[in-house]
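Below is one structure; the comments refer to it alone.
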Amino acid sequence: MNASVLRLEGTVRSRGPQDTWNALKPLLADFGITRVARLTGLDCLGWPVWTAIRPDAQTLTATQGKGATDLLAKISAVMESIELWHAEQPPRIAAKAPAAHLDLPYPLGALPLHHDHPDLVTVETDWVTATGLLTSQAHLLPAGLIHRSAARRRWEPDLWHTTSTGLACGNSRDEAVLHALFEVIERDVLAADSHTASRQLIHPGTVDDHYCRRLLDSLYQAGMEVEISTIGGAYGLPVCLAYVWGEDFPLWFAGSGCHSTAPIALSRALTEAMQSRLTCIAGTRDDLPSQEEVFTAAPQPRPAPAPGTRSEWGTVMRDLPPSEGCFAEQLAAVAQRVEKVTGYEPLVVDLSEPASPIAAVKAVCPGTRSRITRAVPR
């Protein structure tokens, strides 16, 4: 890897954790973050999970973050909150016109619409400027895909299925956009997985990455049931899925991850499953349904293992290409993969100011999908 890419446990970054936190800390009040708290001790698993609280939020008041250390988890929680802050700000409108009057490089049906209809091209829409990740050319995207807010003007048509998919922060623009593309690919593969039998169960004992091995061993020591899978996709990048179940909180908690480096994809899936469990225990997410019925119901039996043959981790991941180059080189390679699969150039909207020490972006990849339901059925 190029020297500009810093490899850490479970992630890669362009700046060390302490330098990142030093840049973030003075900005917390600017983004409305009033408290950053450690949630780790509320669960028996012991892996760092933190939360950032933003009381005046227009979307989520509390965001969670996980990482190999307390500092990485704290940074992750704060970055999640900053991402949403940027998405809540009114976007810079570049045009107001029906799609039929514009020279768009994609059809509206390739975007996440609530309902596709031929007459939608005649609806007057607000547009923002995006940049093509392969050509660097300026294009227009609907502002409704970028702006997220609980408040809505009643006379606006609700055309777009607006999600946080592709919303990312980073120490640099390239780092943020690469993370955003991995998320878009992950959720597109998960959406396809809803309709096809594309999962390959992995025998956890064959995972030989040091950090992932520590994660798995700690889960088993805590008495957890663990299932891990890879999900086949057209992008040729590792997409992993993990499920964690414990009799003290008898629900399956899922996590998923995508990265050009397979162990990072797996570690993201495992730590997201842990974070999901702890988030429900803490009750800090304001968009999750109550799970109180779990504690009042009869004791739950230990679940049976998922049926199917379990493959070796090294065998499944053997033919995947290695992750090489600086962030800009990796970004170009991943953007090419996206265009090859979808037929459309991926686009990015810059949400942060150029002088900001933290880059915030929204990547939109026409032709991709995202899971509409929060749950990932086992």
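The values are calculated or read from the model by the stated rules, or taken from the named source; none is laboratory data. Quick caveat, the model's predicted, so the values are computed rather than measured. Using ideal geometry, Cβ is built from the backbone for each residue, glycine included, and neighbour counts are taken over all protein chains shown. Surface areas here come from the heavy atoms of the whole protein model, side chains and all, with no ligands, DNA or RNA. Shrake-Rupley method; radii C 1.70, N 1.55, O 1.52, S 1.80 Å.
Grab the Cα-Cα distance for His114 and Asp217, subtract it from 0.36 nm times how many residues apart they are, and report the gain in nm with one decimal.
On the way: separation 103, 0.36 × 103 = 37.08 nm, distance 4.28 nm.
Length gained, His114 through Asp217: 32.8 nm.
Model label points for Thr69 and Glu353, set 7 angstrom from Cα along the Cα-to-Cβ axis, are 3.0 nm apart.
If only the Cβ of Lys and Arg carry +1 and only the Cβ of Asp and Glu carry -1, the dipole of the chain around its Cα centre is close to 300 debye. A simple charge model with +1 on the Cβ of Lys and Arg, -1 on the Cβ of Asp and Glu and nothing else charged puts the dipole of segment 200-257 at about 200 debye relative to its Cα centre. Over 27 Å apart at the Cα level, from the set Lys96/Lys362; Lys74/Lys340; Lys25/Lys66, are Lys74/Lys340. Here the simple spin-label model places points 7 Å from the Cα toward Cβ, and for Thr315 and Ile281 these points are separated by 3.5 nm. Subtracting the Cα-Cα distance of Arg378 and Lys340 from their residue separation scaled by 0.36 nm leaves 10.7 nm. Entry comment: accessible area of the chain is 46 Å² per residue, from protein heavy atoms only and a probe of 1.4 Å.
Between Leu102 and Thr129, the distance separating the two model label sites (each 7 Å from Cα on the Cα→Cβ line) works out to 1.4 nm. If I compute solvent accessible area with a 1.4 Å probe over the protein chains, what percent of it on the chain is carbon and sulfur? The computed percentage sits at 52. The angle between the Cα long axis of helix 327-342 and the main principal axis of the chain comes to about 80°, on a 0 to 90 degree scale.
For the chain, take the alpha-carbon Rg, divide it by the Kirkwood Rh, and send me Rg/Rh. Each step should come with its number before you reach the end.
Working: Rg = 20.6 Å, Rh = 21.6 Å.
When Rh is taken as the Kirkwood radius, the ratio is 0.95.
In the context of the full protein assembly, Phe31 retains an accessible surface of approximately 20 Å², using a probe radius of 1.4 Å and ignoring ligands and nucleic acids.
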